[in-house]
Every structure is written in C-alpha cells, then in structure tokens.
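Below is one structure, written out as structure tokens; the observations come after it.
The values are calculated or read from the model by the stated rules, or taken from the named source; none is laboratory data. Predicted, not measured: the structure shown is a model, and the values here were computed from it. For neighbour counting, all protein chains shown are included, and Cβ atoms are generated from backbone atoms with ideal geometry for every residue, glycine included. Only protein heavy atoms, including side chains, enter the accessible area calculation; ligands, DNA and RNA are left aside. Shrake-Rupley method; radii C 1.70, N 1.55, O 1.52, S 1.80 Å.
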Amino acid sequence: MKKISSGKVREIYEVDDDKLMLVVSDRISAFDVILPNEVPDKGKVLNKISEFWFDYTKDFVKNHVISTNLSEFPEEFQKEEFKDRSMLVKKLKMLPIECIVRGYITGSGWKSYKENGTVCGIKLPEGLQESEKLPEPIFTPSTKAAEGHDENISFEQTVELIGEDLANKVKNVAIEIYSKCAEYAATKGIIIADTKFEFGLDENGDLVLGDEVLTPDSSRFWPASTYEVGHGQKSFDKQYMRDWLKQTNWDASNPTPIPDDVINTTRAKYIEAYERLTGKKF
C-alpha cells in the first residue's frame, strides 16, 4: 500500500482512487514535537472515540467512515497490529482550514481575550474569567500549517479561502456538532471546552466530516466534578503531559525520554475519557 502521509499521530495509506486507510499510532506530540516515548494503546483509544462520535453524529452530518471492521479492510491490513486502531474511509477533497469551535474561554483564546477582548476577531463580553463558559459557542478557524503552528484566521479570511456559502455551512455544521456532542458529554461528567474538526467534500460536492472527532487529542476535556471558573482546569486530554513538560523545562531540541509514571498517567486519562463517554470498558 502506498503511504501518502505520516503525521504526528496518523499514517494514511492510499487503497485506490476513492478510499484510504487511516492508522492511528501510539505516538504523542506536544508543542509540535513528537515525544520520544509512545503511550501504549493511545491510538486504539483515539480511534474508538472517533468511531463513537462518527456514529453519534451520522444522522445530521455525513462522515468519511466506510468500515472499522478488520475483516472488511484490504487484505494487507487484516492483521492484529491494525485491529481497533484503523479505519477504511472515503477519500475527500479536504478543506484548507481547521474548524475550531470554542464553548469556553481558555488556552490561546484566553490569551487573546486578555490582550484585546476578542478571539479571532470576534468581540466577546467584558469581564469574562479564565475557563468561563461563553454565552454561545464561537467558530474560530485556523490555517493548516504543513510545519509548525497553525495560525488563527478570521471568518472573513475563511470566506476568501473557501467561498461564502461553504464558509457559512462549515461554521453552522461545526457549531451544531460541538453543541450536540458537548450536551451529551455533560451527561457523562465531561465538559468539552473546545475542539477541532476537519471537513472535506465528496464526489457530489457534499460536506463530509473527516479525520478525527472529539478525541482527547483534538479537544479539551475537563472533568465537570472539579470545574471552577477563574483558572486552568484539570483535564482528560494531553494537557497533563504538556504541564509536566513545562514544569520540568523539558528541552524539545534535545528530547529525553518521558518517565514511565507520566506515560502511565497519560494513558489512564485517555482510557478514562473513552470509558466515560461510551459507557464501555476499554
């Protein structure tokens, strides 16, 4: 199989003119650097969480999944090493933007708000505190950088990239997916503070949800039980790993191995997110 992409976490193989295989590795990245250690089973957890959300949202948005069943994969992928961490998907014409939806003010959004009261050009109410829920979710797209950081862009810049009709459609669909899924996650004790979606167009020009959906890698998951406005939150995502790297002044230019206890705690957080959301044991 021809490998056409190897990202920080995913490997993409071309099956034929209209199908791809996505394989999710156990690699973990932080601050745009792939860390020296893998997190055991992380790829399986991410794949299964995405599978859950693709199924949950399929009634109101098309998605790229053809099969997650090993026996329905191309013969080359019918091996134990690909089980639970792979998807056979439709090939799409991917849009050149990351579709970020924020329901809470945190991260780079909080930094921007403190500076000028806006996030990606959107004026927000005065007096918000860190981690506070926004009056309504906002759509704050960014570019897709081949290397380094993605850059936040305004809605007007999105219109320039993909046209007004498609930009409005993507914005509305992204906010709808976030709102419905965040409402569901809240019933499981998880706050989804923000997330990133990727969309493409199929052969009919229809908008299709692709890549990954509402995983701990593409979203901020906070436990509702410890949520408190006014500071950063505990999380089920890789923020724990980021915080550890910051606290130890870990040097990305000379990456040393991560201690086992940090890897094991990170793995446990990913698994807890999966089990809470799906109600299934990992």
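Size descriptors for region 9-57 (Cα atoms only): Rg and Dmax, in that order, 12.9, 35 Å. Listed by chain and number, the lysines placed with their C-alpha closer than 17 angstrom to that of K42 are K8, K83, K238, K269, K280, K281; residues fewer than eight positions away on the same chain are left out. Net length available on complete extension from V229 to L207 is 4.3 nm, with 0.36 nm assigned per residue and the Cα-Cα distance removed.
Of L46, P255, S131, which is farthest along the charge dipole of the chain in the positive direction, counting Lys and Arg as +1 and Asp and Glu as -1 at C-beta? The one lying farthest along the dipole's positive direction is S131.
When shorter helices are ignored and each DSSP H run of at least 4 residues is given -39500 (n - 2.57), the per-residue value for the chain at 222 nm works out to -9500 deg cm²/dmol. Within the P(r) computed for region 174-282, what percentage of the Cα pairs occupies the region above 23 Å? Tail fraction, whole percent: 40.
Cross-link list K44/K123; K111/K180; K62/K246: which exceed 32 angstrom alpha carbon to alpha carbon? From the list (K44/K123; K111/K180; K62/K246), the Cα-Cα distance tops 32 Å for K44/K123; K62/K246.
Computed from backbone phi, the HN-Hα couplings of region 114-120 come to 5, 6, 9, x, 10, 10, 6 Hz, rounded to whole numbers (Karplus: 6.51 cos²θ - 1.76 cosθ + 1.60, θ = phi - 60°; Gly and Pro given as x). Under 5 Å from the amide H of I191 lie the amide H atoms of W222, A224, each residue being 5 or more positions distant or on a separate chain, with H modelled from the backbone and absent for Pro and chain starts. Across region 106-222, Cα-Cα pairs more than 19 Å apart make up 52 percent of the total. When the Cα centres of region 233-276 and region 31-75 are compared, how far apart do they sit, in Å? That distance is 20 Å. Applying D = kT/(6 pi eta Rh) to the chain, where Rh is the Kirkwood radius over alpha-carbon pairs, T corresponds to 4 °C and eta to 1.567 mPa s, the Stokes-Einstein value obtained is 66 µm²/s.
Accessible surface of region 120-190, 1.4 Å probe: 46 percent of it comes from carbon and sulfur atoms.
Compared with the alpha-carbon gap, the fully stretched path from S253 to K188 is longer by 19.5 nm at 0.36 nm per residue. Along each principal axis, taking the top coordinate minus the bottom one, the Cα set of region 1-126 gives 57, 39, 24 Å in descending order. Taking Cα centre as origin and charging only the Cβ of basic (Lys, Arg, +1) and acidic (Asp, Glu, -1) residues, the dipole magnitude of the chain rounds to 640 debye.
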